[in-house]
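Trainee: Would you mind keeping the following structure in view while I ask a few things?
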Amino acid sequence: MSNIATVVVDEISNDGLVLSANLAAKHFGIERSMRLKAALALAPQLQYQLRDWQGEIAALETMAKQLQTISSWVQLRPPNGICLELQASLRLLGGVGKACDAIDRVIRSYGGRQLDHDSQPRRVIACTAQAAFWLAQSGKQKIITQQHDLVRQLHRLSICQLGWPKKTITTLQRLGVGNIGECLRLPRKGLVKRLGAQVVQQLDQALGYEATVIDAWQAPEYFQAEQSLELATVQHRYLKVVIEHLLRCLVTELDTKQQAVTAIQCHFELLNQRQQNITVRFSEPTWQYDHLLRVIDERLQRLKLLAPVQKCRLKSSRWVTRPLANRHFFIEQDNNRSWAQLLEQLQSRLGEQAVLQLRTVADHRPEYAYRALKVRERASEALIKRSRTAHRQLCKQYPLWLFHSAKATEFKKPIMHQSPRRIEGGWWDNNDIARDYFHDVNQQQHRWVFQDRKNPDQWYLHGLFG
């Protein structure tokens, strides 16, 4: 497309204005603010595209999310401006120079995409927000920290670079005014009468005579990003590269808001117009990039694609505040988190149905007193302590090795290690039992045996003590 003369216009009509022109179009003499009709006269083969307002707003919001890692006060100034309040962050960042470096890194990580179709993003640091915005619009990239320097720079600024209405600019030009300095020499009451109070207020805010209130922009607490592949593919290593990029964008946003996710959806758009999805759920709030990538990669390796993938989309809407916990002074201990992450990795690799845990059930019958259920969240420390106490008590009564089904055995009377235990129940599910259990001790082992009270002559071996 760079060899084809192309422009971007504000509307598709003869009166449409050229907002941007590539080098091929400029070779024909086409410039900004030229009518589309005149541009077509210079280059009949000219291609033109309508300005994408929604795309520009989306680009602004994407960059604003990344800039929130530098300052919590970020203001959008559509269609091509972002304003940051840096004073509160200067000490944290290490001064104005370090703040500029941080902003430049965000701009570079953005990939050099343009905000206004015509130039790369420009960064200006000034004493007031309005002055910084005007200087950036004029194409300058400066750092102004002194009030007298700011006044000198503003006085030389052309009124055509302030974004004022065309009617206001025409009025000032008829008065012989070409820059802000000449505008400020006019009587204030006359300015208010001719231009309106809003224009005068902007001048006061730019010079620092009136405070500017910055309404902080807050990104919605959900994430959605997508990336198209240059060539559709089914190969895991290429899809992983795309997922890595999308996850980095997600983690950046989570770090900005100190949030965590409990679920992530990955959507793969296929060449045959179909779509395959995977949903990854986490047992506890998660925000670490490495862990997110490991879990999703395990699921991705198990996914059988029906056709080559041409676009990947990552979504996450279940956001929660990151849990805060005290750290150990000498050794960082995070057993609960490592346990949860291990379970999530196993579930991603083997499937949720393949990773189970034993849960006790309120039933006196030994073979029905436990169930293999899906892994839930890790229990609290207090509950774990109570469970351990109950477990030690149960270990004295029940064998460590319980057979899946009792085995018939032959002997007359056990050598009792403790008093017998009678268990009856199960009438509600037609599996009723009536047994007398004994702790039998011989020279080789301790055995858990019972006598069937329905058939007193029959003895069964049900388990072995450790």
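The values are calculated or read from the model by the stated rules, or taken from the named source; none is laboratory data. Quick caveat, the model's predicted, so the values are computed rather than measured. Cβ: placed from backbone, ideal geometry, glycine included. Neighbour counts: every protein chain shown.
Trainee: Being touching a residue at least 40 places away in the same chain (Cβ under 8 Å) and either within 15 Å of Ile423 (Cβ to Cβ) or in a strand (DSSP E or B) (or both) is the filter here, so list the residues in segment 450-466 that pass it.
Mentor: Kept after step one, since they are touching a residue at least 40 places away in the same chain (Cβ under 8 Å), are these residues of segment 450-466: 450, 458-466.
Residues satisfying the conditions are Phe450, Trp459, Tyr460, Leu461, His462, Gly463, Leu464.
Trainee: Follow-up. Can you name the condition, by its number, that Asp116 falls short on among (1) in a loop (DSSP other than H, G, I, E, B); (2) modelled with pLDDT under 85; (3) crowded, with 19+ Cβ neighbours inside 10 Å; (4) not hydrophobic (A, V, I, L, M, F, W, C)?
Mentor: Only one criterion in (1) in a loop (DSSP other than H, G, I, E, B); (2) modelled with pLDDT under 85; (3) crowded, with 19+ Cβ neighbours inside 10 Å; (4) not hydrophobic (A, V, I, L, M, F, W, C) is unmet by Asp116, namely (3).
Trainee: Now a separate question. Going by what's in this entry, would Val200 be described as of a type in the set (Val, Ile, Thr), in a helix (DSSP H, G or I) and either surrounded by 11 or more Cβ atoms within 10 Å (Cβ to Cβ) or modelled with pLDDT under 90 (or both)?
Mentor: Values: of a type in the set (Val, Ile, Thr): yes; in a helix (DSSP H, G or I): yes; either surrounded by 11 or more Cβ atoms within 10 Å (Cβ to Cβ) or modelled with pLDDT under 90 (or both): yes.
Taking the combined requirement at face value, the residue satisfies it.
Trainee: Of the numbered conditions (1) over 43 Å from the mean Cα position of the chain (by Cα); (2) under 27 Å from Leu90 (Cβ atoms), Leu154 fails exactly one; give the number of that condition.
Mentor: All conditions pass for Leu154, except number (1).
Trainee: If Gly29 satisfies every condition in (1) buried (at least 19 other Cβ atoms within 10 Å of the Cβ); (2) part of a loop (DSSP other than H, G, I, E, B) but one, which is the exception?
Mentor: (1)
Trainee: Let me ask you something else. Given the residues Arg156, Arg152, which is the only one that is more than 24 Å from Glu61 (Cα to Cα), touching a Gly at 6+ places or on another chain (Cβ under 8 Å) and charged (D, E, K, R)? First the steps, then the outcome.
Mentor: On the way: Arg152 fails: touching a Gly at 6+ places or on another chain (Cβ under 8 Å).
Among Arg156, Arg152, only Arg156 is more than 24 Å from Glu61 (Cα to Cα), touching a Gly at 6+ places or on another chain (Cβ under 8 Å) and charged (D, E, K, R).
Trainee: While we're here: For Leu67, only one of the following conditions fails: (1) surrounded by 17 or more Cβ atoms within 10 Å (Cβ to Cβ); (2) farther than 24 Å from Gln141 by Cα; (3) of a type in the set (A, V, I, L, M). What is its number?
Mentor: Just one mismatch for Leu67, condition (2).
Trainee: Do you know which of the residues in segment 75-84 that are within 13 Å of Ala132 (Cβ to Cβ) and either in contact with a strand residue (DSSP E or B) (Cβ under 8 Å, 6 or more places away or on another chain) or free of Cβ contacts under 8 Å to residues at least 12 places away in the same chain (or both) is surrounded by the fewest Cβ atoms within 10 Å (Cβ to Cβ)?
Mentor: The initial filter retains those residues of segment 75-84 that are within 13 Å of Ala132 (Cβ to Cβ), namely 75, 77, 81-84.
Next, from what is left, pick out any that are either in contact with a strand residue (DSSP E or B) (Cβ under 8 Å, 6 or more places away or on another chain) or free of Cβ contacts under 8 Å to residues at least 12 places away in the same chain (or both): 75, 77, 82-84.
On the way: Gln75: 19, Arg77: 15, Ile82: 21, Cys83: 21, Leu84: 22.
Top of the filtered list is Arg77.
Trainee: For segment 161-183, indicate whether the set of residues that are part of a helix (DSSP H, G or I), modelled with pLDDT under 90 and under 16 Å from Ala129 (Cα atoms) is non-empty.
Mentor: Scanning segment 161-183, I find at least one residue that is part of a helix (DSSP H, G or I), modelled with pLDDT under 90 and under 16 Å from Ala129 (Cα atoms), so the answer is yes.
Trainee: If you take just the helices (runs of 4 or more DSSP H) that sit entirely in segment 33-101, which of them hold at least 2 residues that are touching a helix residue (DSSP H, G or I) at 6+ places or on another chain (Cβ under 8 Å)?
Mentor: Values: elements: 36-42, 53-67, 90-93.
So the answer is 53-67, 90-93.
Trainee: Suppose the filter is assigned by TED's automatic domain parsing to the domain that holds Phe133, touching a residue at least 24 places away in the same chain (Cβ under 8 Å) and surrounded by 14 or more Cβ atoms within 10 Å (Cβ to Cβ); does Gln161 pass it? Don't jump to the end; show me each part of the working.
Mentor: On the way: assigned by TED's automatic domain parsing to the domain that holds Phe133: yes; touching a residue at least 24 places away in the same chain (Cβ under 8 Å): yes; surrounded by 14 or more Cβ atoms within 10 Å (Cβ to Cβ): yes.
Yes; evaluated as a whole, the condition is true for this residue.
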